[in-house]
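Beneath this line is the structure, given in structure tokens, with notes to follow.
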Amino acid sequence: MTLVPETAGTTTGASLTSTLPGSRYTDPAVFRQEQRYIFESMWCCAVRAADLPRPGAFRTVQIGRESVLIVRNRRGGFGAYLNVCRHRGARLCTDESGEVRRNLQCPYHAWTYDLDGRLVAAPNLQRMPDVDRSERGLLPVRLREWLGYVWVCLADEPPSFEETVTGTVAERLGGTEAIERYGMAGLDLGRRITYDVRANWKLIVENFMECYHCATIHPELTDVLPEFAEGYAAQYYVGHGAEFAAEAEGFTVDGSGGFARIAGIEESQDRRYYAITVRPQVFLNLVPDHVIVHRMFPLAADRTVVECDWLYAPEVVASGADLSRSVELFHRVNAQDFAACERTQPAMDSRAYRAGGVLVPSEHHIGDFHRWVTRSLPGSPGTPGPQAH
Ligand code: FES
Ligand code: FE
């Protein structure tokens, strides 16, 4: 074991800052508050629009404490509903994804809803004059489409998407074009890997936001992005674009060549890696020939499902090209990061971590994240007051 002296990380003169106390990563009551005041109050990225190609195609996702059902309707758009039957509350769609031919039927007593959430049939409905069909449709959830994904918000009065999603991205990037020029809605899914991570969602965000760990745990990534070995590249926002190593031909696990640049990517963005987090649950990684999208779905204080998509130009996917070296680089990064988070999680309950840990200078921006999380929960002074529901 290496004992790190208390002065570690102070050589630049910056003061040390504490992380959140350990209990904030384990306490189910804290987690419930985060579900309610963060994940059920903000816009969350739910599903990839192209995953639901035809009317009747659906997907369910866990947002905060709710299962949300997103379904392609007959007009080519989407509906999002609480995945709860209005009869006796059974979960309507028990599968994570699927396709219905016409309607959505509850597996309990067969109440039937159309793709717009209207109650259209129920056994013996004509003998139930007290049941007002128009009152018993599925409860709708607000949705928006952006970057080829369906975003949902469970709040009764959702915050402005422009202010809280695109606006915050634009603030950091000087506009949303830097992301939009990758044309993500027109890209195809090359690979999806779902990680079931036994760690609190905040550990995953914090890990993603710092690169202090890169030299230790990401040998393949630092080979391609040497700047990351310095530990200063904050993945929270690599807006300047981290340059590929001179010897790396592409963003691949062995530095071998990748694919042609996505149309719209400028010369100045070639051989560069950009990354940004979109609060509360999305990480975007952009390289010239593909885009990697992480969506986090926190399920418990110590469990988070992360769905990671690798998106490529349609012609690359259609060609049947071997994507494995391209996918493998960030898959390894993910596995390395999530293993680190899982190694950290059990210690959150330790007496040694009761007062939290240390943010060294290259991690100080994580303090902003902690302040944001704390401010989002009730009881914090100066909080505009989270929406009650
Ligand atoms: Fe759904 Fe009864 S609970 S039909
Ligand atoms: Fe990492």
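Only the coordinates and a few stated rules stand behind these numbers; no lab work does. Remember, it's a predicted structure, so these values are computed and weren't measured experimentally. Every residue, glycine as well, gets a Cβ built from its backbone with ideal geometry; the counts of neighbours run over all protein chains shown.
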Based on the Cβ-Cβ distance from LEU189 to ARG303, what FRET efficiency comes out when R0 is 25 Å, to the nearest 0.05? 0.50
Can you tell me the relative contact order of the stretch 175-377? Whole percent, Cα pairs under 8 Å, sequence separation 6 or more. 28
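With only Lys, Arg, Asp and Glu charged, each at its Cβ (+1 for the first two, -1 for the last two), find how big the charge dipole of the chain is about the Cα centre; round to the nearest 20 debye.
That gives the chain a dipole magnitude of about 1900 debye.
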Modelling each spin label as a point 7 Å along the Cα-to-Cβ direction, I'd like the ASP322/ARG102 distance in nm, to one decimal. 4.9
Residue farthest toward the positive end of the dipole of the chain, with Cβ of Lys/Arg at +1 and Asp/Glu at -1: which of VAL278, GLY79, SER326? GLY79
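Work through the residues other than GLY79 whose Cβ is under 9 Å from its Cβ and net out their charges, Lys, Arg +1 and Asp, Glu -1. Let's see the in-between values first.
Numbers: positive: ARG72; negative: ASP116.
So the environment of GLY79 carries a net charge of 0.
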Take the chain, connect every pair of alpha-carbon atoms lying under 10 Å apart with a spring to form a Gaussian network, then pick out the residue of MET184, MET128, MET209 with the largest mean-square fluctuation. MET128
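Could you give the length gained by full extension between ARG118 and GLU135, i.e. 0.36 nm per residue of separation minus their alpha carbon distance, to one decimal place?
Values: separation 17, 0.36 × 17 = 6.12 nm, distance 0.89 nm.
That works out to 5.2 nm of additional length.
In debye to the nearest 20, how big a dipole does the stretch 261-300 give about its Cα centre with +1 on each Lys and Arg Cβ and -1 on each Asp and Glu Cβ?
Details: 5 positive and 4 negative charges, 44 e Å.
Roughly 220 debye, rounded to the nearest 20.
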Most fluctuating residue of ALA215, ALA155, ALA352 in a GNM of the chain with Cα springs under 10 Å: which is it? ALA352
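I want the local charge near TYR37. Using Cβ-Cβ distances under 12 Å, sum +1 for each Lys or Arg and -1 for each Asp or Glu among the other residues. Could the numbers behind the result be given before it?
Numbers: positive: ARG32, ARG36, ARG65, ARG375; negative: GLU34, GLU40.
Residues near TYR37 contribute +2 overall.
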Give me D for the chain in µm² s⁻¹, whole number, from Stokes-Einstein with Rh from the Kirkwood sum over alpha-carbon pairs, 4 °C and 1.567 mPa s. 57
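Rounding to the nearest 20 debye, state how big the charge dipole of the stretch 43-158 is about its Cα centre with +1 on each Lys and Arg Cβ and -1 on each Asp and Glu Cβ. Mind dumping the intermediate values first?
Details: 18 positive and 13 negative charges, 63 e Å.
Computed charge dipole of the stretch 43-158: roughly 300 debye.
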Between ARG75 and ALA170, the FRET efficiency computed from the C-beta separation at R0 = 30 Å comes out, to the nearest 0.05, as 0.50
What ranking of ASP322, ASP223 emerges when the number of other C-beta atoms within 10 Å of each C-beta is taken as an exposure proxy, fewest first? ASP322, ASP223
The chain, Gaussian network, Cα under 10 Å: of ALA57, ALA313, ALA90, the residue fluctuating most is ALA90
For the stretch 272-326, what size does the Cα cloud have along each of its three principal axes, sorted from largest down, in whole Å? 42, 22, 18
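Sort out the exposed loop GluC sites (Glu not before Pro) in the chain (DSSP loop, at most 11 other Cβ within 10 Å) and tell me the longest stretch that has none.
Working: sites that count: GLU6, GLU247, GLU266.
Between exposed loop sites, the widest span is 7-246.
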For ALA347 paired with GLU180, estimate the spin-label separation in nm (one decimal), with each label point 7 Å from Cα along the Cα-to-Cβ line. 4.4
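Quantify how much of the Cα-Cα distance distribution of the stretch 175-377 extends past 27 Å, in percent.
On the way: 5836 of 20503 pairs.
Tail fraction, whole percent: 28.
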By count of other Cβ within 10 Å, fewest leading, how are SER326, SER41 ordered? SER41, SER326
Along the Cα→Cβ direction, 7 angstrom out, place labels at HIS240 and SER160. What is the inter-label distance in nm? 3.2
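With N set to the residue count of the stretch 277-389, report its C-alpha Rg divided by 2.2 N^0.38 Å to two decimal places. Display every interim value, and only then the final one.
Numbers: Rg = 18.4 Å, N = 113, 2.2 N^0.38 = 13.3 Å.
Working it through for the stretch 277-389, the quotient is 1.39.
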Enumerate the calculated ³J(HN,Hα) couplings along the stretch 267-280 in order (Karplus 6.51 cos²θ - 1.76 cosθ + 1.60, θ = phi - 60°), each rounded to whole Hz, writing x wherever the residue is Gly or Pro. 3, 5, 9, 5, 6, 9, 10, 10, 8, 7, 9, 10, 5, x
Diffusion coefficient, µm² s⁻¹, Stokes-Einstein with Kirkwood Rh over alpha-carbon pairs of the stretch 43-158 at 10 °C and 1.306 mPa s: 111
Euclidean distance of C-alpha centroids, the stretch 344-362 and the stretch 53-93, integer Å: 39
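Sum up the charges of everything whose Cβ sits under 12 Å from the Cβ of PHE251, counting Lys and Arg as +1 and Asp and Glu as -1, but leave PHE251 out. Before the final figure, lay out the partial values.
Numbers: positive: ARG261, ARG271, ARG272, ARG325; negative: GLU220, ASP223, GLU243, GLU249, ASP254, ASP270, ASP289, GLU328.
Computed value for this residue: -4.
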